[in-house]
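Colleague: Pasting a structure below so you can have a look.
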Amino acid sequence: MKEDFEKRRKERLDRGIKVRSDGLYALMSWRELCYLVLPRLVLIVGMLILPLVMPSMYWQRVISNVCIYALLALSFDFLAHFVGLVSLGGAFFIGIGGYIAAILNTSFGLPPLLTIPLATIIGASFCTLLLLPCLPLRGVYFAIITLMYPLLLARVIEALDILGGTDGILGVESFLNRWMEQYVIIMMVLLFLFGVRRLVIKDIGLVFRAVKDNDQAVRASGISITYYKTIAVFIASAMGCLGGAYMVHLYMWAGLSMFALDFSILPIAATVIGGSGTLVGPVLGAFILVPISELLRAFGTLRIVFYALILLAFIIFRSEGILVYSQRKYQQFEKWVKV
Amino acid sequence: MSTPILQVNQVTKTFGGIFALDEVSFDLQEGDILGVIGPNGSGKTTLVNCITGFVGLTSGEVLFRDKIISGKPAHKIADMGITRTFQVMRPYYSLAAYKNLVIPLFSPRAKRTGGWRGGGKLGDRNTVSIDILEELGFERESFVPYKMASSLPTGYLKRLELARCLALKPEIIICDEVFSGLSASEIASMVPLIERLQMEGITLIMIEHRLRELFRVSNRVLVLNFGEKLREGLPDEVMADEKVKEAYFGSEEVVDYD
Amino acid sequence: MEILIYGTINSVSLALFSLGFAMVYGVSRLPNFAHGSLYVLSGFITWTLLNSLGLNYAVSIILAMIATGIIGALIYQFVLIRVRGMEISEIMASYAIGLAILEGLRWGGFKGMTYTLPSFIEGSTEIAGIPVDYQRLLVVGIGAAVVAFLWLFTHYTRIGLALRGMAQDERAAMMLGIDSDLMALAAMGFGSMLAALAAILLLPLGNIVVEAGYNVLILAIAVCIVGGLGSWMGAVIAAFLIGFAQILTVVYLGAHYQMVVALLAIILTLILKPSGLFGRQKELEERV
């Protein structure tokens, strides 16, 4: 005899305050303005006061590292979820940006305030050029090539003993003072975070997403997919090169370890933990993972095993990520509905 | 006879050992509506893909206004004004209808020509997009252009595909089964739209299975069967042809089972 | 003459470790980025069996090959099967596993230059006045035998034909009753065993180092891209092309340019003929 089940399913509805604060109507009341502005304010203020709250040298280094990885994670998330290109080699951007900045500084004597922007632009151009051959092709090839480039470049530099070989380029200038050192990178992270968020909302962001979801239709509209992918890769590599250029001035040294796997894997792990597709999630993920990796430093290369396993877990179980979960809770509520 | 706007010469396309298209040749005169018919698998969509550059030719050539276009990439061919719709519809489902149109308006051609009714200069993309949609029957008062593409019924989506072509101010539109999936009344409202496009100077190629409706609009018909061109001519001539009938309905031989 | 001999040896070595990767991709479109790590892992397993457990060399080899094959199959069964079909997730997942294995080995103490495997046959001989070790001759011999065996296997046995069928058209093969998952499992198992075989033949020529895992992965991918992803014949021919190119640069430019050759080979292929020499996908954008 069949029983009558009461079938239920979860229904997710936007919270009242979210609906009320959509669009221009948010200006109507303070409560709704707060609802919108508060998370962003917390983020910005939090990041800005961080160096003041943690004045020790050690923690400042940690914060700088967090920011470098945050830039890389941002670039990964942007490319992967808004353009459809999965970059498995963030180390490639760091290494190129870093070496260029080091050369500009040691061989041409330019100060950090010049080398960083120059290295960002030159580095991004160089990276984009090297990635150009695989842009007209299927996404798989981009993944393969970005994976291989840092490994290959490290070996090439070592084998040919150019650019300082295994010792690297020493004697890179540092910043004028500690505060500048800290705030430059924090400002850059905030700048790029909000900048890229604006970019993907604008119409050009639509084109990127169309390239990712439906590239045949984009082609049929007379738009060159390769052109837009190139723009996206340029932006993403600029972020990575910026991080690399900053790093060589932070550690006053450029070397093979800039092509290390950490820079390739941690951003991906940070993105999946923090919540892919949100752009803020990866930054959050970096904030979580980098301090943990500092603690794991004592265990040697175990930390890479750790990131790899995290990545694996997320790929297999396809979890949402912290930010996506929080966003959902903040904006929607759930209730059980009878079917 | 002036130069045909499109010339397809001995186009052959093989996939492995299979001849999807076998030395297909025809000319398209400017301002015509050419219907392309044939049983399933006769190579109609492959023909579209070859003309528009989505698939490379094995041999033969395609000329647009006497310039060779075969071998060029798809977006370059679209940039010249040869647009197409997709048989399996490909709107940008996660976007609103008018945002669907904003993307083609990013193309170099749209910037050059200003899109449909642009008169040479591209205005604000959102406005242009809604204007085009309105002209194609998306009622502005009922906010239809603002709806998510995923929530629109088939009739509107087919028009959306056409709108995407119009955003480029095309010279040729190749319609791959625009009538399929539509009810008779929906088709009845599409037909005047097609005729209006023709009057505005666009040349059309229409691949269709709905022969009755097709013959109302087209002035020439091409029949494909197993990748070969079977017949070309006026609709009545073509349908009276024995070979065409055999291709669609089979021959009249009865098999003796004794 | 030197070039011919060293070129052949290098090429066969490349072919040996690329075939495992090519096979898995060819049959089930799975890019197994854990390939390099399986190569190194099998070396360390053999070493451990040989030295820590004191087993006979031949026994260690066979056990290591079987173990590696099983590990490869397990990787498929527990991880890759869940991301089947999403190519990029497949790459990331298999790469993550590969990394976990390689770096795990490094952390577990397998670093430095002290791990070696003994050669099968000591001593060397001379061919046309050039000294060649027996081990290297063995590599060429067995390598050629493996290629021949694979060719025969995939053309004349049922399983082999099934694998080829899967490689050509997955849906058609499934309609004929060939189980796609089972084939992928078999492919991963075989491919991993091939990696182990390559390791066993090649590692005695040097030390077992974790770095080799990355090098093998890079070279295998380079060979497979140049040869065309999915084509076994292409992989063999590409191995010869790259193998000889590497030797030529060693002779004329210096010993350090080997990896540069691999890099250039990949870039050139992607620019000139992205589907490689014998790639199955003739036009990579053909998806309408």
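Colleague: Amide H of C:Gly228 versus every other amide H placed in the peptide plane: which residues, excluding those fewer than 5 positions away on the same chain, fall under 5 Å?
Modeller: Answer set, sorted by chain and number: C:Leu277, C:Phe278.
Colleague: How large is ³J(HN,Hα), in whole Hz, for each residue of segment A:277-290 in order, when computed from phi with the Karplus curve 6.51 cos²θ - 1.76 cosθ + 1.60 and θ = phi - 60°, using x for Gly and Pro?
Modeller: Coupling constants for segment A:277-290: x, 9, 6, 7, x, x, 4, 4, x, 4, 4, 7, 6, 5 Hz.
Colleague: Residue-wise, which Karplus ³J(HN,Hα) couplings in Hz belong to segment A:180-195, taking 6.51 cos²θ - 1.76 cosθ + 1.60, θ = phi - 60°, and x for glycine or proline?
Modeller: These are the phi-based 3J(HN,Hα) values: 4, 3, 6, 6, 4, 6, 5, 4, 4, 4, 4, 4, 5, 4, 6, x Hz.
Colleague: What spacing in nm lies between the two simple spin-label points modelled at A:Arg61 and B:Phe249, each 7 Å away from Cα in the Cβ direction?
Modeller: In this crude label model, A:Arg61 to B:Phe249 measures out at 8.8 nm.
Colleague: Mind giving me the nanometre distance, one decimal, between the label points for C:Thr125 and B:Asn219, set 7 Å out from Cα along Cα→Cβ?
Modeller: For C:Thr125 paired with B:Asn219, the spin-label model returns 8.3 nm.
Colleague: Run through all the Cα pairs of the protein assembly as shown and give the fraction in each 20 Å bin from 0, expressed as whole percent.
Modeller: Per 20 Å bin, starting at 0, the Cα pair percentages come out as 13, 39, 35, 13, 1, 0.
Colleague: Over 28 Å between C-alpha atoms is what I'm after, so list which of B:Lys67/B:Lys245; B:Lys67/B:Lys169; A:Lys202/C:Lys273; A:Lys7/A:Lys329; A:Lys10/B:Lys147 land there.
Modeller: Over 28 Å apart, Cα to Cα: B:Lys67/B:Lys245; A:Lys202/C:Lys273.
Colleague: With springs connecting C-alpha atoms under 10 Å apart, model chain C as a Gaussian network and identify which of C:Ala58, C:Ala186, C:Ala262 has the largest mean-square fluctuation.
Modeller: In the Gaussian network model the winner is C:Ala58.
Colleague: Rounded to the nearest 0.05, what FRET efficiency do A:Leu129 and A:Val53 give with R0 = 41 Å and r taken as the Cβ-Cβ distance? Could you check?
Modeller: So, using R0 = 41 Å, E works out to roughly 0.45.
Colleague: List the longest stretch of chain B that has no exposed loop site; here a site is one of the chymotrypsin sites (Phe, Trp or Tyr not before Pro) assigned by DSSP to anything other than H, G, I, E or B, with at most 11 other Cβ within 10 Å.
Modeller: My reading of the result: B:1-142 is the longest stretch.
Colleague: Gain in length, B:Arg117 to B:Leu211, computed as 0.36 nm per residue apart minus the alpha-carbon separation, to one decimal in nm?
Modeller: Full extension of this stretch gives 30.7 nm more.
Colleague: Ok, one more. Count neighbours as other Cβ atoms within 10 Å of each site's Cβ, and list the trypsin sites (Lys or Arg not before Pro) in segment B:68-118 that are DSSP loop with at most 15 such neighbours.
Modeller: B:Arg117
Colleague: Using alpha-carbon pairs under 8 Å, 6+ residues apart, how would you state the relative contact order of segment A:1-141 in percent?
Modeller: 12 percent
Colleague: Follow-up question, since we're still on this one. Can you check what the Kirkwood hydrodynamic radius comes to for chain B, Cα pairs only, in Å to one decimal?
Modeller: 19.1 Å
Colleague: Would you grab the residues whose amide H sits under 5 Å from the one on B:Ile202? Only those 5+ places off in sequence or on another chain, please, with H modelled 1.01 Å from N.
Modeller: Under 5 Å from the amide H of B:Ile202 lies no amide H from a residue far enough along the sequence or on another chain.
Colleague: Compare the Cα positions of C:Val59, C:Gly234, C:Gly26 along the charge dipole of chain C (+1 at Cβ of Lys, Arg; -1 at Cβ of Asp, Glu; about the Cα centre) and return the one farthest towards the positive end.
Modeller: Comparing the listed Cα positions along the dipole, C:Gly26 ranks first.
Colleague: Continuing with the same structure: Using the scaling law 2.2 N^0.38 Å as the reference, what is the normalised Cα Rg of segment B:1-75?
Modeller: For segment B:1-75, the normalised Cα radius of gyration is 1.07.
Colleague: Could you pull out the pairs from B:Lys99/B:Lys121; B:Lys99/B:Lys158; A:Lys229/B:Lys76 whose alpha carbons sit more than 27 Å apart here?
Modeller: With Cα atoms farther than 27 Å apart: none of B:Lys99/B:Lys121; B:Lys99/B:Lys158; A:Lys229/B:Lys76.
Colleague: How large is the dipole of the protein assembly as shown about the Cα centre if only Lys and Arg carry +1 and Asp and Glu carry -1, each at its Cβ, rounded to the nearest 20 debye?
Modeller: 2660 debye
Colleague: Post the alpha-carbon centroid distance, segment C:1-30 to segment A:45-65, in whole angstrom.
Modeller: Cα centroid to Cα centroid, the span is 51 Å.
Colleague: Next question. Amide H to amide H, which residues 5 or more places from B:Phe226 or on other chains are under 5 Å from it, using H placed in the peptide plane?
Modeller: Under 5 Å from the amide H of B:Phe226 lie the amide H atoms of B:Ser42, each far enough along the sequence or on another chain.
Colleague: While we're on this one: Using r as the Cβ-Cβ distance of A:Cys34 and A:Ile201, and R0 as 25 Å, what FRET efficiency do you calculate, to the nearest 0.05?
Modeller: So the FRET efficiency works out to roughly 0.70.
Colleague: If you find the alpha carbon centre of segment B:163-223 and of segment A:263-339, how far apart are they in angstrom?
Modeller: That distance is 50 Å.
Colleague: Could I ask something else about it? Take chain B, connect every pair of alpha-carbon atoms lying under 10 Å apart with a spring to form a Gaussian network, then pick out the residue of B:Ile173, B:Ile103, B:Ile18 with the largest mean-square fluctuation.
Modeller: B:Ile18
Colleague: Starting from the 7 Å offset along Cα-to-Cβ, what nm value, one decimal, do you get for the label separation of A:Val19 and A:Arg138?
Modeller: 4.5 nm
Colleague: Within chain A, what is the longest stretch that has no chymotrypsin sites (Phe, Trp or Tyr not before Pro) placed in a DSSP loop and near at most 16 other beta-carbon atoms within 10 Å?
Modeller: The longest uninterrupted stretch comes out as A:109-339.
Colleague: For B:Lys72, which aspartates and glutamates qualify as cross-link partners when the Cα separation must be under 20 Å and same-chain residues fewer than eight apart are set aside?
Modeller: A:Asp215, B:Glu23, B:Asp27, B:Glu61, B:Glu171, C:Glu283, C:Glu285, C:Glu286
Colleague: Using alpha-carbon pairs under 8 Å, 6+ residues apart, how would you state the relative contact order of chain B in percent?
Modeller: Reported as a whole number, the value is 26 percent.
Colleague: Report the full-extension gain for the segment B:Val88 to B:Ser185: residue separation times 0.36 nm, less the Cα-Cα distance, to one decimal in nm.
Modeller: Stretched out fully, the B:Val88 to B:Ser185 stretch lengthens by 32.8 nm.
Colleague: Report the Cα centroid-to-centroid distance between segment A:177-245 and segment B:81-121 in angstrom, as an integer.
Modeller: Between the Cα centre of segment A:177-245 and that of segment B:81-121, the gap is 23 Å.
Colleague: Further question on the same structure: Rounded to whole Hz and in sequence order, give me ³J(HN,Hα) for segment A:113-127 from the Karplus expression 6.51 cos²θ - 1.76 cosθ + 1.60, θ = phi - 60°, writing x for Gly and Pro.
Modeller: 5, 9, 5, 5, x, 5, 5, 4, 6, 4, x, 4, 4, 5, 4
Colleague: Still on this structure, I have one more. Please name which of B:Leu222, A:Pro117, B:Leu34 has its Cα lying farthest along the dipole of the protein assembly as shown towards the positive end, using unit charges on Cβ (Lys, Arg +1; Asp, Glu -1) and the Cα centre as origin.
Modeller: A:Pro117
Colleague: Ok, one more. Along each of the three principal axes of the Cα atoms of segment A:5-151, give the extent in whole Å, ordering the values from largest to smallest.
Modeller: On the principal axes, segment A:5-151 reaches 67, 45, 33 Å in Cα extent.
Colleague: For chain A, with equal point scatterers placed on the C-alpha atoms only and solvent neglected, what are the log10 I(q)/I(0) values from the Debye formula at q = 0.08, 0.14 1/Å, to two decimals?
Modeller: -0.42, -1.17
Colleague: Give, rounded to the nearest 20 debye, the magnitude of the charge dipole that segment A:8-338 has about its Cα centre when Lys and Arg contribute +1 at Cβ and Asp and Glu contribute -1 at Cβ.
Modeller: Using Cβ point charges on Lys, Arg, Asp and Glu, segment A:8-338 gives about 1560 debye.
Every number here is computed from the coordinates shown, using simple stated rules; none is lab data. Computed from a predicted model, the values in this text were never measured in an experiment. A quick note on method: Cβ atoms are made from the backbone with ideal geometry, for glycine too, and the neighbour counts reach across all protein chains shown.
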